[in-house]
1. So for region 113-120 (the condition being in contact with a helix residue (DSSP H, G or I) (Cβ under 6 Å, 6 or more places away or on another chain), at pLDDT below 85, closer than 30 Å to residue 201 by Cα and surrounded by 15 or more Cβ atoms within 10 Å (Cβ to Cβ)), does at least one residue qualify?
2. Surrounded by 22 or more Cβ atoms within 10 Å (Cβ to Cβ) and more than 21 Å from the chain's Cα centre (by Cα): does that describe residue 256?
3. Residues 257, 222: which one is without any contact (Cβ under 8 Å) to a residue 40 or more places away in the chain, within 19 Å of residue 293 (Cβ to Cβ) and in contact with a strand residue (DSSP E or B) (Cβ under 6 Å, 6 or more places away or on another chain)?
4. Looking for whichever is farther than 22 Å from residue 311 by Cα, at pLDDT below 80 and in contact with a helix residue (DSSP H, G or I) (Cβ under 6 Å, 6 or more places away or on another chain) here; the options are 152, 51. Which one fits?
5. Is it fair to say residue 197 is in the same structural domain as residue 280 (by TED's automatic domain parsing), under 30 Å from the mean Cα position of the chain (by Cα), over 22 Å from residue 260 (Cβ atoms) and without any contact (Cβ under 8 Å) to a residue 12 or more places away in the chain?
6. Can you name the condition, by its number, that residue 25 falls short on among (1) surrounded by fewer than 17 Cβ atoms within 10 Å (Cβ to Cβ); (2) farther than 30 Å from residue 103 by Cα; (3) modelled with pLDDT under 80?
7. Can you tell me which condition residue 83 does not meet? The list is (1) under 30 Å from residue 252 (Cα atoms); (2) modelled with pLDDT under 85, and all the others hold.
8. Across region 259-282, what is the total count of residues that are farther than 25 Å from residue 166 by Cβ and assigned to a helix (DSSP H, G or I)?
């Protein structure tokens with residue numbers, strides 16, 4: 001505060017409006033029981049005094065900060081930018097705020113949680129792949145629920161919401177098979193995460209069920225980034241000058257990187273020379289240079305289900321630490337896989 005400045009308090013507003021201090025608090029709390037005439041008196045007095053409620057002081061009384069922390073572990077994937085926008089919109093509608101932490105390469109999720117605990121957040125949403133059982137227990141002991149978004153981490157006691165990734169991988173395999181593909185490559189993401197592994201498992205299992213030999217399915221690491229998709233496609237071409245019939249990028253941004261390098265550096269046509277598919281349905285993949293076939297993650301449903309699990313309206317209710325909620329995705333068939341071959 002600047003020297004000589006005076007901060008207006010709720011007591012000042014109460015005195016000017018001729019009401020109690022508790023009435024001022026109720027006037028600024030959505031859903032509180034207060035007469036419309038009294039609320040208008042309080043708001044009019046607040047405008048005259050340039051009063052703004054002190055949310056920090058309020059949290060000391062209610063033990064609720066109205067802040068939800070979101071820990072992002074992958075900023076190379078634009079999917080999470082759109083996820084963050086959706087969380088922001090939904091939390092704003094709930095009159096709550098968002099505190100965002102981004103993990104660096106040398107930072108563990110546990111370290112990020114230790115940094116956010118002093119803010120007395122009402123819940124933690126985690127998109128990164130690593131979390132210890134000890135840290136989940138520490139949060140739960142403090143009444144702070146931890147929800148995993150778009151993943152699960154076995155044996156941690158954390159619960160979460162995710163797309164049905166194995167089913168999505170199977171959908172991509174079925175689309176390739178229907179279009180006549182018989183040799184395949186995968187560009188995979190985080191080797192420690194369940195998301196990439198589940199998509200790859202669903203994809204491979206469906207191909208094997210269709211009689212495709214395992215030797216006809218190769219895998220290349222892409223690091224979940226555009227650049228990783230580029231390098232994976234180059235490694236694929238260095239390994240075999242003849243491209244496979246179809247390439248599955250475990251996420252859209254890797255598939256887009258692979259498409260660009262295959263077309264620009266190797267002169268291949270998509271889908272005439274090689275089919276490509278991704279996963280997520282980020283808006284960039286729908287643009288004219290790509291028109292990427294992909295599995296659309298139901299972001300809105302996943303975000304709302306995640307917030308429901310946080311029990312923000314009923315903080316004293318018990319937390320189901322064993323909940324794992326997969327939500328089905330939707331195959332979006334665009335230009336990078338040709339129409340299914342007729343029998």
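1. no
2. Numbers: surrounded by 22 or more Cβ atoms within 10 Å (Cβ to Cβ): yes; more than 21 Å from the chain's Cα centre (by Cα): no.
So residue 256 does not fit the description; no.
3. Values: 257 fails: in contact with a strand residue (DSSP E or B) (Cβ under 6 Å, 6 or more places away or on another chain).
Of the residues listed, the single one that is without any contact (Cβ under 8 Å) to a residue 40 or more places away in the chain, within 19 Å of residue 293 (Cβ to Cβ) and in contact with a strand residue (DSSP E or B) (Cβ under 6 Å, 6 or more places away or on another chain) is 222.
4. Numbers: 152 fails: farther than 22 Å from residue 311 by Cα.
Of 152, 51, the one residue that is farther than 22 Å from residue 311 by Cα, at pLDDT below 80 and in contact with a helix residue (DSSP H, G or I) (Cβ under 6 Å, 6 or more places away or on another chain) is 51.
5. On the way: in the same structural domain as residue 280 (by TED's automatic domain parsing): yes; under 30 Å from the mean Cα position of the chain (by Cα): yes; over 22 Å from residue 260 (Cβ atoms): yes; without any contact (Cβ under 8 Å) to a residue 12 or more places away in the chain: yes.
Against the criterion (in the same structural domain as residue 280 (by TED's automatic domain parsing), under 30 Å from the mean Cα position of the chain (by Cα), over 22 Å from residue 260 (Cβ atoms) and without any contact (Cβ under 8 Å) to a residue 12 or more places away in the chain), residue 197 qualifies.
6. Tallying (1) surrounded by fewer than 17 Cβ atoms within 10 Å (Cβ to Cβ); (2) farther than 30 Å from residue 103 by Cα; (3) modelled with pLDDT under 80, residue 25 fails exactly one: (1).
7. It fails just one condition, (2).
8. Step one: filter region 259-282 for residues farther than 25 Å from residue 166 by Cβ, giving 260-270, 272-273.
Filter once more, so that each one left must be assigned to a helix (DSSP H, G or I): 260-264.
Count: 5.
The values are calculated or read from the model by the stated rules, or taken from the named source; none is laboratory data. These numbers come from a predicted model, not from an experiment. Please note: Cβ atoms are built from the backbone with ideal geometry, for glycine as well, and neighbour counts cover all protein chains shown.
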